[in-house]
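The values are calculated or read from the model by the stated rules, or taken from the named source; none is laboratory data. Remember, predicted model here, so these are calculated numbers, not experimental data. Methodologically, a virtual Cβ is constructed for each residue, glycine included, from the backbone with ideal geometry; neighbour enumeration extends over all protein chains shown. Note: areas computed on protein heavy atoms with side chains; ligands, DNA, RNA excluded. Shrake-Rupley method; radii C 1.70, N 1.55, O 1.52, S 1.80 Å.
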Amino acid sequence: MTYHPKHIRSLPPLTLRGRQMKLYHVTNEPGTELPAEITDAAYAAAAEMVVAPDDGTPPVGWLVLHQGRDAMYLCVYSWVWDNVVLTRTASAGEPHLGGTAGDLTRYVVNAEPYTGCVWELPALGHERTSFVRHILRPPAPDIAAYLADALADGPTDQPLVDAVR
């Protein structure tokens, strides 16, 4: 398999089960809009996968919806235990993971503890920095600043230049 960059785009946050989630879409080409039936199904699946806030950690996280060649991949990341990321993943249309080929609206939660692939992980790097910058470092967590601090839209191989200050 040959690596080629994809395009990542941030969208406005979404609240799922009391947790405010940043949204990222990874698509094969810049400017691609994912169809509403795919995003609606993904967000419904994410609502079942996200961890409800219950431990005092600011109720935030992010999700990545990734357009594969013939499938969709969903990564749901929730901040827990003050500074730990809990990850749950699912896919639609991926027979190797229990899905039905061609059905991009029925998400199957992965039994394996996958974290994400090379196209999904740029968001993880950014989100770690953003969480430290806006939640852990200030005297009080600034959830609004955290939610406003999204990875810049662009190729998935863009350099991470937002080191923690």
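Structural remarks
- Between Tyr114 and Ala152, the C-beta separation translates, for a Förster distance of 25 Å, into a calculated FRET efficiency of about 0.50.
- Taking a sphere under 14 Å around the Cβ of Ala47 and counting the other residues whose Cβ falls inside, with K and R at +1 and D and E at -1, yields a net charge of +1.
- Unit charges at the beta carbon, dipole of the chain: most positive-side option, Ala44, Leu151, Thr129: Thr129
- At an R0 of 25 angstrom, the distance between the Cβ atoms of Asp55 and Asp142 translates into a FRET efficiency of 0.85.
- With contacts taken as Cα pairs under 8 Å at a separation of at least 6 residues, the chain carries a relative contact order of 22 percent.
- Modelled label positions at Ala47 and Arg69, each set 7 Å beyond Cα in the direction of Cβ, lie 3.4 nm from each other.
- Heavy atoms of Thr57 accessible to a 1.4 Å probe, total area in Å² rounded to 10: 10 Å²
- Sorting the segments 16-24, 40-48 by their residues' average number of neighbouring beta-carbon atoms within 10 angstrom, most packed first, yields 16-24, 40-48.
- Nearest-20 debye value, region 1-153 charge dipole, Cβ charges on Lys, Arg, Asp, Glu: 280 debye
- Acute angle (nearest 10 degrees) that the helix 121-131 long axis makes with the longest principal axis of the chain, alpha-carbon atoms: 20 degrees
- Paramagnetic label zone (point 7 Å from Cα along Cα-to-C-beta, Leu11; backbone N under 18 Å) in region 102-117: 104-108
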